[in-house]
Amino acid sequence: MLQTMRWFEWTWVGLLFSDDDAGRDAAQLFQSGLDQSGLGCVAYSEALPFHNDLDKLQRIVSVMKTSTARVVIAFTSGWGDGYLQAPHYLPYLRGTLGFAIRRGEIPGFKDFLLKIRPDNDHEDSIVRQFWEHTFQCKFSPLPPEWVDAGGRVCTGQEDLVTAETDLLDVSDLRPEYNVYKAVYALAHALHDMLQCVPGRGPFPGHSCATLQTVQPWQLLYYLEKVNFTTSGGDRVYFDENGDALPIFDILNWAWLPDGSTKIHNVGVVKMTASGDEEFTLDEDRIFWNFQSAKPPRSVCSESCSPGTRVFRRKGEPVCCYDCIACSEGEFSNETDSTDCTVCPEDFWSSPQRDHCVPKSIEFLSYHEDLGISLTTISLLGTFVCAIVLGIFVYHKETPMVRANNSELSFQLLLSLKLCFLCTLLFIGRPRLWTCQLRHAVFGISFVLCVSCILVKTMVVLAVFKASKPGGADIMKWFGAIQQRGTVLILTSIQAIICIVWLVSASPTPHKNTQYYSEKIVYECNVGSTVGFAVLLGYIGLLALLSFLLAFMVRNLPDNFNEAKLITFSMLIFCAVWIAFIPAYISSPGKYADVVEVFAILASSLGILLALFGPKCYIILLKPEKNTKKSIMGRGATKT
């Protein structure tokens, strides 16, 4: 029964059994085997009454009809070869699978039966009764009523070959075949016993048993060693418990085209010598009493496909459950999985939740639109700086260039080019060297830029002070050497900050899985937040100092006031970086790099346009104003 359930994948069955010791024991054994094997569950279990108890039968029928089980397992007598094979039952049992004692042929048995003749010496012999029943006659002395009815007289010579009786049908011998094997087992045991040589026997004193004095225990010794094969190919021997190996035929109630029902053999179940159960079934020969002509499907719940897990229904058998999809980041790759497995750290569940796939990797890439746009702006800014530098070099002898401290202007343009180019270190997959260089190059480039602006502001302030009475000596402190030295010292401080930061807590590439569950964000871990803050703070300090100094001298009486341009450029610079801090902190993943790159580009572009835009406009488009008189304005007459 269990093998059949496994074969057809039936996991939800009803159980009927006869209300006697055999039925109850079989049902209990089946239920125990079902629980241990985990093959399925019993939807209902009902004992069939022996008497015609209509109320109980109707209740059982109601249970069967309302149950979702499409298969019924029945342990009763007569299903395989008993009274249920009667013609009036067969139409209801089409498609049934039953198990019966192994059918076999007994050689010569048919011929033996045909040679039987009644014994005239025994009036009540079984053969005489069989003869009278088969040929509808009576042996003498005839009963008076038989004579009055004109009944035939049995001669004992009637032809059995032409007789129509099922009693001579030897094509379906089952209990008889077992008796045949038992008789032959005994014959083999006796044969082996008679082959014993006195003095070499297996019994005390090497004695042998004889037919005249044989004891049951002596015969049992030889029975335990019986091992032969019948003419039908069935092996007969006994295990260590003295049990013969079980063998059963699987029968099927098949419907024939003429409307009749035939019971035929569709398989066999037998125990092998190794103790395994050999189950053979020819599905092509099985008749199923369904329109689909296929085996019924009997399950309480359909199997949970990969990507889901079994969720047991409270208070119901284990075969009844719901299928729940695995959560994100979990998977199941087996049918009817009881649990979902968490994907490894660098993996995420597929959309179907049936396997894990590598997490997508996110970083600011050169291949995405955002990365391409920022790269383009960076290169464009660098190109503009180069053009402005070329213009200033070409027109270095003009008053506009000379009046604005050409050497510092050249240094400022070179530092702006570095500021634009350093953004390229923020684009692409983070690596150790890019993580270490990006903030160092950025910090040094901007300090160099702001230092040049600060020195320019100080020079402007010195010129303003020198123009007042008693201030002629102040300009000796702001010569070319002092300007270069100041820029170098201020920039060196930032370089030292970067070196200390890189040595103590160097930035490193980091795979961040905290921002998003389904993807890995590749970013640069700053290493030391304090180091990053000091780097930005130093830039901010120089920018603020430049702004304050420029603001103090914004009202110089020149037509082209450098201090006003510096004030405006530093105002843009400070505004950009003040807005950068909260935006950087709140931006996850690659967008933090985008914010920083945008701040670098915006502040660099702001300085470039604010400081050099008006000058290039005059140099290129208004050359008539590129004179000392125009630049000095009304102050030229005083000079």
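Within segment 179-205, residues that are closer than 19 Å to Phe238 by Cβ reach partners that are small (Gly, Ala, Ser) and open to solvent by less than 30 Å² (accessible area, probe 1.4 Å) with beta carbons closer than 8 Å, at six or more positions or on different chains, in the pairs Tyr180/Gly104; Lys181/Gly104; Met193/Ala209.
Listed here are the residues, each with its yes/no results for (1) within 17 Å of Phe99 (Cβ to Cβ); (2) among the aromatic types (Phe, Trp, Tyr); (3) at pLDDT below 90.
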site: Asp21; (1), (2), (3): no, no, no
site: Ala27; (1), (2), (3): yes, no, no
site: Gly38; (1), (2), (3): no, no, yes
site: Ala47; (1), (2), (3): no, no, no
site: Ala69; (1), (2), (3): no, no, no
site: Phe75; (1), (2), (3): yes, yes, no
site: Leu84; (1), (2), (3): yes, no, yes
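With respect to the conditions (1) surrounded by 17 or more Cβ atoms within 10 Å (Cβ to Cβ); (2) over 41 Å from the mean Cα position of the chain (by Cα), Asp25 lacks only one, and its number is (1). Looking only at residues in segment 304-316 that are open to solvent by less than 50 Å² (accessible area, probe 1.4 Å) and of a type outside the set (A, V, I, L, M), the one that is nearest to Ala43 (Cα to Cα) is Cys304.
Between a first residue in segment 562-586 that is on the phi < 0 side of the Ramachandran plot and a second residue that is part of a helix (DSSP H, G or I) and open to solvent by 60 Å² or more (accessible area, probe 1.4 Å), which pairs have beta carbons less than 7 Å apart while being 6 or more apart in sequence or on different chains? Sorted first by the residue in segment 562-586, then by its partner, the pairs are Thr567/Phe551; Cys574/Leu544.
Only residues that are of a type in the set (A, V, I, L, M) and buried (at least 18 other Cβ atoms within 10 Å of the Cβ) were counted in segment 38-57, giving 3.
Test Ser409 against the criterion of being closer than 16 Å to Ala610 by Cα, more than 60 Å from the chain's Cα centre (by Cα) and surrounded by 20 or more Cβ atoms within 10 Å (Cβ to Cβ), and give yes or no. Spelling it out, Ser409 is indeed closer than 16 Å to Ala610 by Cα, more than 60 Å from the chain's Cα centre (by Cα) and surrounded by 20 or more Cβ atoms within 10 Å (Cβ to Cβ).
Considered as a group, the residues in segment 118-165 that are among the hydroxyl-bearing types (Ser, Thr, Tyr) and at pLDDT 80 or above include one that is surrounded by the most Cβ atoms within 10 Å (Cβ to Cβ), and that residue is Thr134.
In segment 506-522, the residue that is modelled with the lowest pLDDT out of those that are open to solvent by less than 30 Å² (accessible area, probe 1.4 Å) and closer than 19 Å to Asp346 by Cα is Asn512. Pull up segment 230-257, narrow it to residues that are without any contact (Cβ under 8 Å) to a residue 60 or more places away in the chain and over 28 Å from Leu2 (Cβ atoms), then point me to the one that is surrounded by the most Cβ atoms within 10 Å (Cβ to Cβ). Going through the qualifying residues, I end up with Leu256. Among residues that are out of contact with any Pro (no Cβ under 7 Å at 6 or more places or on another chain), at pLDDT 90 or above, among the acidic types (Asp, Glu) and surrounded by 15 or more Cβ atoms within 10 Å (Cβ to Cβ), Glu283 is not included. Of the residues Leu168, Leu223, Leu190, Leu186, the single one that is open to solvent by 30 Å² or more (accessible area, probe 1.4 Å), among the aliphatic types (A, V, I, L, M) and either under 60 Å from the mean Cα position of the chain (by Cα) or modelled with pLDDT under 90 (or both) is Leu223. Could you tell me whether Glu176 is charged (D, E, K, R), in contact with a helix residue (DSSP H, G or I) (Cβ under 9 Å, 6 or more places away or on another chain) and part of a helix (DSSP H, G or I)? The answer is yes for Glu176.
No other residue among Ser260, Ser274, Ser301 is of a type in the set (Gly, Ala, Ser) and open to solvent by 50 Å² or more (accessible area, probe 1.4 Å) apart from Ser274. Condition first: of a type outside the set (A, V, I, L, M, F, W, C) and open to solvent by 30 Å² or more (accessible area, probe 1.4 Å). Now tell me which residues in segment 492-505 satisfy that. Within segment 492-505, Ser492, Ser504 qualify. Exactly one residue among Val393, Val384 is of a type in the set (A, V, I, L, M, F, W, C) and touching a residue at least 60 places away in the same chain (Cβ under 8 Å), and that residue is Val384. Each residue in segment 364-385 was checked for being open to solvent by less than 40 Å² (accessible area, probe 1.4 Å) and part of a helix (DSSP H, G or I), and 7 of them qualify. Can you pull out every residue in segment 1-19 that is at pLDDT 95 or above and exposed (fewer than 14 other Cβ atoms within 10 Å of the Cβ)? Within segment 1-19, no residue meets the criteria.
Look at segment 281-293: where a residue is within 18 Å of Pro91 (Cβ to Cβ) and part of a loop (DSSP other than H, G, I, E, B) and a partner is open to solvent by 70 Å² or more (accessible area, probe 1.4 Å) and basic (Lys, Arg), sitting 6+ places away or on another chain with Cβ atoms under 8 Å, you get Trp288/Lys294. Go through segment 581-624 and give me each residue that's open to solvent by 20 Å² or more (accessible area, probe 1.4 Å), under 23 Å from Phe446 (Cα atoms) and among the aromatic types (Phe, Trp, Tyr). Selection gives Tyr584, Tyr591, Phe598.
The values are calculated or read from the model by the stated rules, or taken from the named source; none is laboratory data. All of these numbers come straight from a predicted model, not from anything done at the bench. So basically every Cβ, Gly included, is an ideal-geometry build from the backbone, and we count neighbours across all protein chains shown. Accessible surface areas use protein heavy atoms only, side chains included; no ligands, DNA or RNA. Shrake-Rupley method; radii C 1.70, N 1.55, O 1.52, S 1.80 Å.
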